[in-house]
Ligand SMILES: Nc1ncnc2c1ncn2[C@@H]1O[C@H](COP(=O)(O)OP(=O)(O)OP(=O)(O)O)[C@@H](O)[C@H]1O
Ligand SMILES: [Mg+2]
């Protein structure tokens with residue numbers, strides 16, 4: 001705290017100086033007003049105690065000069081007045097002094113007045129800081145308001161414009177100085193038509209009256225493409241008494257925003273139309289798909305019919321072939337029959353002749369001729385060949401009818417796979433009887449070995465299992481070109497009866513292995529195979545809750561492994577599904 005003393009009286013100056021120093025103040029001394037003015041401008045002075053009457057510059061002038069000068073800190077000024085000099089007091093305060101103290105001064109009183117001064121200085125300093133803060137806030141606010149795109153204008157109760165921002169100046173194409181103090185209703189640029197002027201005045205007055213914010217939308221411009229849309233907000237500015245002192249009008253140009261909203265609205269409508277189109281297309285597509293499915297189903301049906309036709313053709317061919325040679329054999333046999341009849345007739349005639357001759361004891365005459373006739377006839381019909389051929393023909397016929405029987409049996413199984421009865425049986429019997437049945441077909445092609453372990457009885461449809469064994473064995477024989485081996489093995493393993501039938505035939509190519517159980521899959525020439533044998537086998541084994549697997553190497557041979565569960569299989573159903 002630095003105190004400047006301005007006193008021309010040396011003793012009075014010294015007294016003051018000592019008193020203040022003793023109380024811990026820093027003190028500067030001047031002999032007259034001019035010197036004090038210079039010191040006040042050179043040093044930071046917080047408080048000035050000045051005499052009134054001084055040479056060169058008196059206390060009043062010093063005081064006025066200090067007050068007129070701009071300085072960072074406030075100087076608290078106490079004037080020294082004569083005790084009886086009350087008349088000067090008014091001048092003291094007029095010149096800008098804060099207080100006075102009569103001379104000769106009382107140190108206690110001086111101290112008290114200095115304390116008051118200190119408080120005022122602190123208050124002044126706080127006030128100044130506050131003003132600085134307010135000033136900088138105002139500046140910031142101005143920057144913000146000026147940077148805004150919205151036009152902002154504030155008016156007082158008389159509708160005079162108090163302030164505007166840069167956006168307002170720019171859009172209204174006016175000058176700041178010309179605008180401030182103008183009545184807003186006189187500004188033509190702000191209003192397009194009288195009705196908007198009336199409306200705005202009403203809004204401003206309403207905000208002054210109610211203290212409530214208001215807003216409204218305004219449109220200007222006639223032609224659609226020149227039209228401007230604005231959103232106006234009227235905000236109250238209240239003073240310390242909570243009275244509305246100004247109304248701030250914020251005008252936001254929403255033309256672009258509205259245009260975008262309209263665009264979005266249009267886009268939405270287009271999108272909706274497009275979606276409708278897509279839905280119509282989707283529906284058309286779904287109908288087309290349904291039609292396609294129907295066509296496909298029909299095509300499949302046609303294909304099925306074709307397969308059945310193919311099967312029928314195959315079966316017809318299969319049956320035709322043996323039927324052909326059986327019928328041709330029967331023709332030959334018919335001819336043989338006629339030959340044999342005529343031979344027998346000749347024998348009978350010979351016999352009758354012989355009988356008559358014996359009766360007449362006339363053994364002479366016609367016998368040799370008849371014997372010659374028989375011998376000729378025997379030679380003619382080659383009776384030895386006929387006898388042998390008859391045997392062959394009958395054998396062929398039997399084979400033919402067997403084949404027909406097998407084909408019919410296969411077809412029957414295919415059409416009615418479950419007519420057999422569920423019984424408990426040792427499948428060894430079935431394997432043996434089947435082998436006997438097909439042995440004719442196998443014996444020329446392969447050496448057949450059978451190795452059957454101790455097998456438990458299982459629940460099964462025995463006839464159907466026989467059919468499985470037969471189909472596998474016949475395939476095995478057909479796969480062997482000249483001569484090979486067929487092994488039949490069966491054992492009881494892990495609760496299953498496991499049957500393995502292997503051959504040393506041609507084997508099955510890798511790509512065909514997954515197809516051999518498909519119905520009508522055959523690699524055999526048309527008429528030689530229906531492609532049903534393995535499919536029937538697969539379905540029968542599946543019906544027994546068993547499995548059938550194949551392992552094969554081209555050129556080496558094939559092994560079929562069948563596993564049938566050994567326990568009771570009460571849930572075996574005659575109607576189990578087929579692999580189709
Ligand atoms: N042991 C085997 N060795 C080689 N190929 C086989 C064997 N078993 C089956 N195949 C192949 O599987 C195909 C299908 O056999 P599947 O028994 O179902 O019909 P197929 O013998 O052709 O006619 P069929 O209905 O007269 O039995 C056969 O054409 C053959 O290509
Ligand atoms: Mg077959």
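Out of 64, 138, one residue alone is without any contact (Cβ under 8 Å) to a residue 60 or more places away in the chain and surrounded by fewer than 14 Cβ atoms within 10 Å (Cβ to Cβ). It is 138.
So, in region 535-560, of the ones that are in contact with a helix residue (DSSP H, G or I) (Cβ under 7 Å, 6 or more places away or on another chain) and within 8 Å of ligand 1 (Cβ to nearest atom), which residue ends up modelled with the lowest pLDDT?
Step one: list which residues in region 535-560 are in contact with a helix residue (DSSP H, G or I) (Cβ under 7 Å, 6 or more places away or on another chain), which gives 536-537, 540-541, 547-548, 550, 552, 558, 560.
Those left that are additionally within 8 Å of ligand 1 (Cβ to nearest atom): 536-537, 550, 552, 558, 560.
Working: 536: 88, 537: 92, 550: 97, 552: 97, 558: 98, 560: 98.
Going through the qualifying residues, I end up with 536.
Of all residues in region 294-351, those satisfying the criterion of being more than 30 Å from residue 529 (Cα to Cα), at pLDDT below 80 and surrounded by fewer than 11 Cβ atoms within 10 Å (Cβ to Cβ) are 294, 295, 348.
A quick yes/no check of all residues on (1) free of Cβ contacts under 8 Å to residues at least 60 places away in the same chain; (2) near ligand 1 (Cβ under 9 Å from one of its atoms); (3) touching a strand residue (DSSP E or B) at 6+ places or on another chain (Cβ under 7 Å):
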position: 500; (1), (2), (3): no, no, yes
position: 503; (1), (2), (3): yes, yes, yes
position: 508; (1), (2), (3): yes, yes, yes
position: 517; (1), (2), (3): no, yes, no
position: 524; (1), (2), (3): yes, yes, no
position: 532; (1), (2), (3): no, yes, no
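The one condition from (1) in a helix (DSSP H, G or I); (2) over 16 Å from residue 245 (Cα atoms) that residue 232 does not meet is (1).
State yes or no: is residue 274 at pLDDT 80 or above and either assigned to a helix (DSSP H, G or I) or over 30 Å from residue 219 (Cα atoms) (or both)? Show your work before the answer.
Values: at pLDDT 80 or above: yes; either assigned to a helix (DSSP H, G or I) or over 30 Å from residue 219 (Cα atoms) (or both): yes.
So residue 274 passes the test.
In region 91-100, the condition of being free of Cβ contacts under 8 Å to residues at least 24 places away in the same chain, over 30 Å from residue 22 (Cα atoms) and touching a helix residue (DSSP H, G or I) at 6+ places or on another chain (Cβ under 7 Å) is met by no residue. Candidates in region 528-552 are the residues that are more than 13 Å from ligand 2 (Cβ to nearest atom) and in a loop (DSSP other than H, G, I, E, B); of these, the one that is surrounded by the most Cβ atoms within 10 Å (Cβ to Cβ) is 544.
Conditions tested, residue by residue: (1) under 30 Å from residue 73 (Cα atoms); (2) without any contact (Cβ under 8 Å) to a residue 40 or more places away in the chain; (3) assigned to a helix (DSSP H, G or I).
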site: 123; (1), (2), (3): yes, yes, yes
site: 128; (1), (2), (3): yes, no, yes
site: 149; (1), (2), (3): no, no, no
site: 152; (1), (2), (3): no, no, no
site: 161; (1), (2), (3): no, yes, no
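Residues in region 545-560 that are under 49 Å from the mean Cα position of the chain (by Cα) and on the phi > 0 side of the Ramachandran plot: 545 alone. Just one residue in the set 43, 74 is touching a strand residue (DSSP E or B) at 6+ places or on another chain (Cβ under 7 Å) and closer than 25 Å to residue 126 by Cβ; that residue is 43.
Might you check whether a residue that is out of contact with any helix residue (DSSP H, G or I) (no Cβ under 6 Å at 6 or more places or on another chain), more than 14 Å from ligand 2 (Cβ to nearest atom) and in a strand (DSSP E or B) occurs anywhere in region 477-486?
Step one: filter region 477-486 for residues out of contact with any helix residue (DSSP H, G or I) (no Cβ under 6 Å at 6 or more places or on another chain), giving 478-485.
Filter once more, so that each one left must be more than 14 Å from ligand 2 (Cβ to nearest atom): 481-485.
Then keep just the ones that are in a strand (DSSP E or B); that gives 484-485.
Yes, because at least one residue in region 477-486 is out of contact with any helix residue (DSSP H, G or I) (no Cβ under 6 Å at 6 or more places or on another chain), more than 14 Å from ligand 2 (Cβ to nearest atom) and in a strand (DSSP E or B).
Criterion applied to 428, 413 was being closer than 27 Å to residue 534 by Cα, part of a helix (DSSP H, G or I) and at pLDDT 80 or above, and the one residue passing it is 428. Within region 188-214, being closer than 24 Å to residue 245 by Cβ, in a helix (DSSP H, G or I) and modelled with pLDDT under 90 holds for 197, 198, 199, 200, 201. Looking at 499, 508, 458, just one residue is over 26 Å from residue 404 (Cβ atoms), crowded, with 18+ Cβ neighbours inside 10 Å, within 55 Å of the chain's Cα centre (by Cα) and within 15 Å of ligand 2 (Cβ to nearest atom), and that residue is 508.
Taking region 442-494 as the range and being touching a strand residue (DSSP E or B) at 6+ places or on another chain (Cβ under 6 Å), within 16 Å of ligand 1 (Cβ to nearest atom) and at pLDDT below 90 as the test, only 442 passes. Residues that are touching a helix residue (DSSP H, G or I) at 6+ places or on another chain (Cβ under 8 Å) and not in a helix (DSSP H, G or I) within region 105-116 comprise just one, 105.
The values are calculated or read from the model by the stated rules, or taken from the named source; none is laboratory data. Here the structure is a predicted model, which means the values were calculated and not measured. Positions of Cβ are generated from backbone atoms using ideal geometry, with glycine treated the same way; all protein chains shown enter the neighbour counts.
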